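The next block holds one structure in the form of structure tokens; read it before the comments.
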Amino acid sequence: MNVVSAITGLPYVGKTTLFNLLTGGHAKTGSFSGAEAETNVGIAKVPDHRVDELAALFKPKKTTHAEVLYRDLGLAHAKEPGQGISPQKLGDLRTADAIVHVVRAFRDPSVPHVDGSIDPVRDLASVELELLFADHGVVERRLERIEPELRAAKGLERETKEREKAVLAKAAAALASERPLRDVDFDADERKTMRGFRFLTLMPTLAVVNVDEVDVASPDAILAPVRKAASAHRATSVIPVCAKIEAEMAELSDEEAAEFRAELGLVESALERLVRATYELLGLCSFFTTGEDEVRAWTTPCGTPAQQAAGAIHSDLERGFIRAEVIKWDELLKAGSEANAKKLGIMRTEGKTYAVQDGEVFHVLFNV
């Protein structure tokens, strides 16, 4: 699957700087054009040492990392909730699998905060409220339209619309009490009914706290209130980033950046931290295909049945699936080749319903 993340937040919090870091883009920063500004779109290659090590073993013609598509959506500073997101931006947000809220914790007198003070918890709540209003509007409009449809519907169609109305009424009650939909208990059928609406508050949310340089090594005091606020909601995580320092490291060689990062006590780059957190929120795993032509990472929900995972590679593999040969990536490295892995008996054969796990090398046998 192709993962899509939407980066959003108030003006002057570092959204576009983060977007440029993630995608290698050069979108203009340091200015704000309001909610009607163009959405920046870019693709980030997912760093994965497992892909690199497998490529070193197979020496393929092509090495392909997984990708995440990022959309950078600026919001206006609205005096009243529901006025900060343009219809275009709402449409862009609804294409996402996860939402990245950037909130400001850095202090810079030359960049005044739109609300006059630095308060990441307040800012996170402010953006969440905008999304709540947007979802509530969708629910209310649909509930209005469904009434005449119900009067005209009969039989199975009427039953379907009655179920939809009940689910929407449940959602409306939660939103009216300023409760994001990801905090509400919906069963599988209810979630299926809601899928087409692409509700924003139902999406997993990652709060990225843009911290000061002095807080990079020890950000816990800054993060504590944000983490406490986030813990009140499901599918919500918090990570720190210092966009200013990350931008400086982006100008260095890989070796120099690694040394700089080590001095700061950072194990991963901003991209690595953000992608890992996003994958965890979405319950995603990476599996690999290997060979002389290509070593490639594929993204799928953890536990996807083998036949369905094969369809991510090519529809013919899913349609004609017979079985899959599976091995953990590090076991393959130790074996030195697929042939030796088979000889050692560590290459497993799995059927259609096998649940694919993170880090497995996957070879599909099929017949179409």
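Values quoted throughout were computed directly from the atomic coordinates according to the rules given, and no laboratory measurement underlies them. Predicted, not measured: the structure shown is a model, and the values here were computed from it. Because the Cβ atoms are built from the backbone with ideal geometry, glycine has one as well, and the counts that use them run over all protein chains shown.
At-a-glance table
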item: Computed P(r) (all Cα pairs; region 270-368; 10 Å bins; percent); result: 16, 46, 31, 8, 0
item: Cα Rg over Rh - region 133-199, Kirkwood; result: 0.97
item: Segment GLU294-ASP187, extension gain: residue separation times 0.36 nm, minus the distance between their alpha carbons; result: 34.4 nm
item: Debye, to nearest 20: dipole size of the chain, +1 on Lys, Arg Cβ, -1 on Asp, Glu Cβ; result: 1340 debye
item: Mean Kyte hydropathy of -1.0 or more with a Cα span along the axis of at least 24 Å, helices from DSSP in the chain; result: 120-152, 155-176
item: Rounded to 5, the percent of DSSP beta bridges in the chain classed as antiparallel; result: 50 percent
item: Gain in span if fully extended, ARG142 to ARG94, counting 0.36 nm per residue against the direct Cα distance; result: 15.6 nm
item: LYS61/HIS363 FRET efficiency (R0 22 Å; Cβ-Cβ; nearest 0.05); result: 0.80
item: Normalised convex hull volume, the chain, alpha-carbon set, Å³ per residue; result: 169 Å³
item: Spin-label model distance (nm) - VAL114 vs ILE322, 7 Å beyond Cα toward Cβ; result: 5.9 nm
item: Approximate spin-label separation THR160-GLU268, in nm, with each point projected 7 Å along Cα-to-Cβ; result: 4.2 nm
item: Proximal aspartates and glutamates to LYS170, defined as alpha-carbon separation beneath 18 angstrom and excluding residues fewer than eight positions away on the same chain; result: ASP135, GLU140, GLU144, GLU147, GLU159, GLU162, GLU178, ASP183, ASP185, ASP187, ASP189, GLU190
item: Approximate spin-label separation GLN308-GLU248, in nm, with each point projected 7 Å along Cα-to-Cβ; result: 4.7 nm
item: Residue-averaged 222 nm ellipticity for the chain, from DSSP H runs of 4+ at -39500 (n - 2.57), nearest 500; result: -13000 deg cm²/dmol
item: Theoretical gain in end-to-end length, ARG276 to ALA27 [0.36 nm per residue, Cα-Cα removed]; result: 87.3 nm
